[in-house]
Amino acid sequence: MPNRFRTILLFGAPGSGKGTQGKILGQIPGFYHLSCGEVFRSLDIHSDLGKTFYEFSSRGELVPDDVTVRMWEQNIRAQTVLSRYKPHSDLLVLDGIPRNEHQARIMDKHIKVLAVIHLVCPDKEEMIKRLRKRALKENRADDAREDVIRRRWDVYEKETYPVLAHYPKDLIQQIDAVGSPAEVLQHMLERVVPIQNQHFSNPLG
Ligand code: AMP
């Protein structure tokens, strides 16, 4: 197993479409998508970790770093053991982690970041509209209330956005997040496919 997982990070504000794009990429052979938020949402709400997640996420806040990274490590290890994620042949697509500078430093031990795909959304109100729509569709407590959505944005601006500065500038690829999922996907693939070709052999070949 490579000592650090070869990874691209999907980066962007709440509502920028990281999860949607990550899910689509994850369907393509040779990519493995892991969303930290999805892992949290899959926890049993009555477990200690499930309760901690609910406590923080329902306020629009980040779950403490130690708990988060430990859970992420256990999860990625389990996916590897189950051969769902194959580090030799799959490019890891992470969404929602690292979410602050401290997490980025811890994650450096585990991942080799080949690119940071920054989904840029200049129109904050448009993103907030998207989140409200999603809340109705997915029954998400953290997107159901206007004050919680705004708190998520504040946390993004104060804690998460500075994570970009943690990575070398030449790894950061800006993509316009406004547009249909298909348009955004087209732009993503233009950036991501060459990276996969450069680092991995054809997964079906
Ligand atoms: P997301 O689906 O990525 O928007 O995540 C939903 C919620 O899960 C966030 O608002 C946080 O409460 C929590 N969460 C997800 N990823 C992280 C992370 N890397 N660090 C801390 N909390 C996280």
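Is any helix in the chain, taking whole DSSP H runs, at least 18 angstrom long along its axis by alpha carbon and on average at least -1.0 on the Kyte-Doolittle scale, and which ones?
65-81, 181-199
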Order by accessible surface, 1.4 Å probe, largest leading, for residues Asp48, Asp65, Asp154 comes to Asp48, Asp154, Asp65
Compute the FRET efficiency between Glu55 and Lys169 as 1/(1 + (r/R0)^6), taking r as their Cβ-Cβ distance and R0 = 35 Å, and round to the nearest 0.05.
0.45
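Suppose every Lys and Arg Cβ carries +1 and every Asp and Glu Cβ carries -1, with no other charges. What dipole size does the range 158-201 come out with about its Cα centre, to the nearest 20 debye?
Working: 3 positive and 5 negative charges, 27 e Å.
That gives a dipole near 140 debye.
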Can you report the principal axis dimensions of the chain using only the alpha carbons, biggest first, rounded to whole angstrom?
48, 38, 31
Using only the Cα atoms of the range 146-189, each taken as one equal point scatterer with no solvent, compute I(q) by the Debye sum, divide by I(0), and report log10 of the ratio at q = 0.19, 0.20, 0.23 Å⁻¹.
-0.83, -0.87, -0.91
Based on Cα positions only, what radius of gyration and what Dmax would you give for the range 39-133, in angstroms?
15.4, 42
At 7 Å along the Cα-to-beta-carbon direction for both Lys133 and Val193, put a label point, then send me their distance in nm to one decimal.
2.7
Interchain or long-range residues, amide H under 5 Å from Asp90's placed H:
none
Positive-end extreme of charge dipole, the chain - chosen from Phe31, Val69, Ile128 (charges on Cβ)
Phe31
For labels at Asp44 and Ser83 in the simple 7 Å Cα→Cβ model, what's the distance in nm?
2.9
About the Cα centre of the chain, what is the dipole size in debye to 20, counting +1 per Lys and Arg Cβ and -1 per Asp and Glu Cβ, all else neutral?
320
Anchor Lys133: lysines whose Cα lies under 28 Å away (excluding residues fewer than 8 positions away in-chain)
Lys18, Lys23, Lys51, Lys124, Lys158
Take the alpha carbon atoms of the range 50-86, find their center, do the same for the range 105-160, and report the distance between the two centers in whole angstrom.
16
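Please list Lys169, Lys109, Lys124, Lys18 in order of solvent-accessible area, largest first, computed with a 1.4 Å probe with all protein chains present.
On the way: Lys169 180, Lys109 135, Lys124 70, Lys18 30 Å².
Reading off the accessible areas and sorting them downward yields Lys169, Lys109, Lys124, Lys18.
The values are calculated or read from the model by the stated rules, or taken from the named source; none is laboratory data. Keep in mind that this is a model prediction, so the values were computed, not measured. A quick note on method: Cβ atoms are made from the backbone with ideal geometry, for glycine too, and the neighbour counts reach across all protein chains shown. Only protein heavy atoms, including side chains, enter the accessible area calculation; ligands, DNA and RNA are left aside. Shrake-Rupley method; radii C 1.70, N 1.55, O 1.52, S 1.80 Å.
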